[in-house]
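Below is the structure I would like to discuss, written out as structure tokens.
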Amino acid sequence: MINLVEVYEISQVAKHSNNLKQAYSLREIYVNPDCVVCLKEVSFIFDQLDKDQLPEGLDNRQKFTRVHLNHGHTGLTLIVVGSLASVAEKLNVTRGKNAN
């Protein structure tokens, strides 16, 4: 099992209203690297960084990776802290001979 840090969405009630707003938090997770199907760089989360909706301590230079896991018919998708290359290295994913 490999230790990663997941960025997950939480809902918070906005002050002075009953409207829910998006907010994000971090949690430590463990992933079985044998279950990883695909890794993709995440770009939309940078919009959230600009809106100060991510947890404190994350720098606007931080990169994120979407991890797709084999989880039955639907699969499971997580967003983790780290660049595509660093997450792939941590999961010990190597490029095939035909990779570009």
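Quote the FRET efficiency, to the nearest 0.05, computed for residue 2 versus residue 56 with a Förster distance R0 of 30 Å and r equal to the Cβ-Cβ distance.
0.75
What distance in nm separates the simple spin-label points at residue 27 and residue 9, each placed 7 Å from Cα in the Cβ direction?
Result: 1.5 nm between the two label points.
Going by average Cβ neighbours within 10 Å, how do the peptides 32-39, 60-67 rank, with the highest at the top? It would help to have the intermediate numbers written out before the result.
On the way: 32-39: 13.0, 60-67: 17.2.
Averaged packing, sorted descending, gives the order 60-67, 32-39.
Right, next: For the pair residue 90/residue 34, report the inter-label distance in nm, with labels modelled 7 Å from Cα in the Cβ direction.
So the two model labels end up 2.1 nm from each other.
Considering amide H positions built from the backbone, and no H for Pro or chain starts, which residues 5 or more places from residue 2, or on another chain, come under 5 Å of its amide H?
For residue 2, whose amide H was placed from the backbone, the distant partners under 5 Å are 31, 32.
Counting only residues 5 or more places away or on other chains, whose amide H sits under 5 Å from the amide H of residue 42 once H atoms are built in the peptide plane?
Those qualifying (amide H under 5 Å, at least 5 residues apart or on another chain) are 64, 65, 66.
A short reminder: the numbers here are calculations on the coordinates, not readings from a lab. What you are looking at is a predicted structure, and each value in this text was computed from that prediction instead of being measured. Please note: Cβ atoms are built from the backbone with ideal geometry, for glycine as well, and neighbour counts cover all protein chains shown.
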